[in-house]
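The values are calculated or read from the model by the stated rules, or taken from the named source; none is laboratory data. What you see is a predicted model; the values in this text were computed from it and never measured. For neighbour counting, all protein chains shown are included, and Cβ atoms are generated from backbone atoms with ideal geometry for every residue, glycine included.
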């Protein structure tokens, strides 16, 4: 019983993390080509800052997307329902954490709180 739960927990978490890294790699490729074709010198500090912002945003997207994708995959899959259920719960917790961080930093939905 515990073995199945922890296996599903690790599997659901791994799907979210791998999804976040894949989204980040796509963002990094776009950022690299954008930086490659801009005139002038490459500002390493600004580039790393933008890469870090995209890293955080990619994990936000994977958490928000996990809330949408997990129920769809639960409907389509017959044998991995428990893993997608755990994935959905983890995505909801991560989304709540990211929304709380955005609220506390004053950048909820891209607008500053006054």
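Observations on the structure shown:
- For the stretch 86-114, the candidate set comprises residues that are surrounded by 15 or more Cβ atoms within 10 Å (Cβ to Cβ) and more than 19 Å from residue 8 (Cα to Cα); within that set, the residue that is modelled with the highest pLDDT is 95.
- When restricted to residues that are surrounded by 12 or more Cβ atoms within 10 Å (Cβ to Cβ) and within 18 Å of residue 95 (Cβ to Cβ), the stretch 55-81 contains 18.
For every residue, the table says whether it meets (1) in contact (Cβ under 8 Å) with a residue 40 or more places away in the chain; (2) over 30 Å from residue 8 (Cβ atoms).
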| position | (1), (2) |
| --- | --- |
| 45 | no, yes |
| 54 | no, no |
| 60 | no, no |
| 66 | yes, no |
| 84 | yes, no |
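- For the stretch 26-53, filtered to residues that are within 22 Å of residue 95 (Cβ to Cβ) and surrounded by 11 or more Cβ atoms within 10 Å (Cβ to Cβ), the residue that is modelled with the lowest pLDDT is 53.
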